[in-house]
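A short write-up of the structure that comes next.
Bear in mind that the values in this text are calculations on the coordinates, not laboratory data. Keep in mind that this is a model prediction, so the values were computed, not measured. Here Cβ is always computed from backbone atoms with ideal geometry, including for glycine, and neighbour counts include all displayed protein chains.
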Amino acid sequence: MIRAVYPGSFDPVHNGHLDVIQRAARIFDHLTVAVLHNPLKPTTLFGIEERLAMVRGAIDGMSNVEASMFEGLLVDFCRQLDAQVIVRGLRAISDYEAELQVAHLNRQMLPGVETLFIMTATRWSFVSSTRIKEIAQLGADVAKLVPRPSNEGLVARFGPPRVHD
Ligand code: PNS
């Protein structure tokens, strides 16, 4: 039984995340999408309950995937879940350096857990939560880039799109 954790801020979850979730769910017996709750540094647009609800809406019907929030160190959460693998998506070489550092630190703290990278599908390689929030706030329609619950959350926050693709 291999349990994996896919951590992130998911502010909000987008189609690139969902692609990684679907592919990881085919490899591992169980996948927990771990949504970071950082009460000391609340820099996210959406609160933890909203981000969690969006992820839960996006993974609806996926039998071996669940979503939870976590606080503190990711490795502590992996210990709690008895997870052996951390999954991260890699879009481009620009993601690599930071991911490498974090993967090494996590392995130093918890040698039993392995970080595995899934290369984001080409069609989503340009998608990031930061850019999605930026263009949605400026009136763009991001419905094709995010799962429905995220789109609903963005429309509720910024209003309906003015620019359609
Ligand atoms: O989607 P993000 O913001 O790139 O995700 C970053 C995340 C949540 C995976 C990372 O910040 C994290 O694991 N935070 C928890 C604290 C921790 O354990 N940091 C890693 C050791 S340096």
*Within the chain, what's the longest stretch lacking trypsin sites (Lys or Arg not before Pro) that sit in DSSP loops with no more than 14 other Cβ atoms inside 10 Å?*
1-143
*Projected-area average for the chain over all orientations - Cα convex hull basis, square nanometres*: 9.6
*What is the dipole size for the range 9-81, taken about its Cα centre, with +1 at each Lys and Arg Cβ and -1 at each Asp and Glu Cβ, in debye to the nearest 20?*
140
_Percentage relative contact order, the range 1-127, counting C-alpha pairs under 8 Å, at least six apart_ = 32
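In debye to the nearest 20, how big a dipole does the chain give about its Cα centre with +1 on each Lys and Arg Cβ and -1 on each Asp and Glu Cβ?
Dipole about the Cα centre, nearest 20: 260 debye.
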*Using the charge dipole of the chain (Lys, Arg: +1 at Cβ; Asp, Glu: -1 at Cβ; taken about the Cα centre), state which of 85, 155, 9 has its Cα farthest towards the positive end.*
155
_Compactness of the range 22-76 - radius of gyration and Dmax, Cα, Å_ = 12.3, 35
_Cβ-based net charge around residue 31, under 12 Å, with every Lys or Arg adding one and every Asp or Glu removing one_ = +1
